[in-house]
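Read the figures in this text as sums done on the coordinates, not as results from a lab. Just so we're clear, the structure is a prediction, and the values are computed from it rather than from any experiment. Positions of Cβ are generated from backbone atoms using ideal geometry, with glycine treated the same way; all protein chains shown enter the neighbour counts.
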């Protein structure tokens, strides 16, 4: 390949290269950038000529980066992060802000964390707009694609390119109709696994921690009913012999209608806030992340209450 003028590379082209590398898809990169796929292909072709390397090739229907591409992306990421830090405003005035932020989370975070964050946001930065998208088990991918700026949930990516802060500790409890015989005594492991369960299947490969611990103990739940979300459990359980297992903070608001009992498999887990290099150096996003952490610290117990609801 004939080498073109090296100065033909700009930051927009490097950002495109990084997105194709991260998403392994020209189409997904185009969607994240808000351009058509031909624009992404044109940019990559230009970079191929400049760096005298194919950069990507297809293998089994997948886009695979070359070794040279991996090196370039690592170097380009450092440059892009430095450039974003250079052009970011040194200060951020919340009261004068009029930008839009996007947060990815699910039912738990929407009920336990977001209400307090929204109240704080309306007081301190009334001009900021906040959008929420369901993360399901695709939160890290939503961050990579630029669909979300911040991810809050139990998933902590173990790959490079993510920043993370742990914001809450949580565990599971059991909920049931107060007339259920199991509500009158401490739940043993045998009684728990033999009971009729209404379970929540969150989809994908996500597994609730208590289920992992239970199966590691060689046991299996008797699942009678399965639903995709914990929403409405306080309407589904009354008048039945079913029990369900939920994070403590989700179950507590249902205590006026249902009996809450300690789960023999408490499945302790943590809630994390995750973001990428795209927003890491931004004063606005930094302020928002601090707001989330500070708000949780002031308004939400970091540890769930001890087992005092028997």
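A few remarks follow.
- As a length-normalised measure over Cα pairs under 8 Å and 6 or more apart, the relative contact order of the chain settles at 22 percent.
- Mean residue ellipticity, 222 nm, helices only, the chain: the sum of -39500 (n - 2.57) across DSSP H runs of n ≥ 4, divided by residue count and rounded to 500, is -11500 deg cm²/dmol.
- When only alpha carbons are used to place a centre, region 169-203 and region 91-138 end up 33 Å from one another.
- Relative contact order for region 6-87, counting Cα pairs under 8 Å that sit 6 or more residues apart, in percent: 31 percent
- Fewest-first ranking of 282, 184, 244, using other Cβ atoms within 10 Å as the exposure measure: 184, 282, 244
- Relative packing of 166-175, 132-141, which averages over residues the other C-beta atoms within 10 Å, highest first: 166-175, 132-141
- Candidates 260, 23, 114: whichever shows maximal mean-square fluctuation once the chain is modelled as a Gaussian network with Cα springs under 10 Å: 23
- Taking other C-beta atoms within 10 angstrom as a stand-in for reagent exposure, 189, 62 fall in the order 62, 189, fewest first.
- The fewest-to-most ranking of 206, 275, 287 by surrounding Cβ atoms within 10 Å reads 206, 287, 275.
- Bridges between two residues of the chain, per DSSP, are antiparallel at a rate of about 60%.
- Convex hull volume per residue in cubic angstrom - Cα atoms of region 209-309: 154 Å³
- Relative contact order computed over region 150-230 (Cα-Cα under 8 Å; 6+ residues apart), in percent: 31 percent
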